[in-house]
């Protein structure tokens, strides 16, 4: 999630902000890019569950994060 946020910041799609949480990232993406809101929110949920909830990663979770990376990378490359 940090890499996703950094990519959006570097491409001017989000302002730089230290300490942005995964949920805050998803909320900020939803404001300007509703087409990417759902997958970003799913990736944030996966991140929170694994990083803070102690849950094991799953193939489905990995696919959600990978899809968010793909969608957000495409947003960045269109600028």
Residues of region 16-30 being out of contact with any helix residue (DSSP H, G or I) (no Cβ under 6 Å at 6 or more places or on another chain) and surrounded by fewer than 18 Cβ atoms within 10 Å (Cβ to Cβ), which ones?
17, 18, 19, 21, 24, 27
Among (1) more than 15 Å from residue 1 (Cα to Cα); (2) over 14 Å from the mean Cα position of the chain (by Cα); (3) surrounded by 15 or more Cβ atoms within 10 Å (Cβ to Cβ), where does residue 33 come up short?
(2)
Of (1) in a helix (DSSP H, G or I); (2) more than 9 Å from the chain's Cα centre (by Cα), residue 43 satisfies all except one. Which?
(2)
Among (1) exposed (fewer than 14 other Cβ atoms within 10 Å of the Cβ); (2) at pLDDT 95 or above; (3) part of a helix (DSSP H, G or I), residue 56 falls short only on (3)
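The values are calculated or read from the model by the stated rules, or taken from the named source; none is laboratory data. What you see is a predicted model, and the numbers here were worked out from it, not measured in a lab. All Cβ positions, glycine included, derive from the backbone under ideal geometry; neighbour counts span all protein chains shown.
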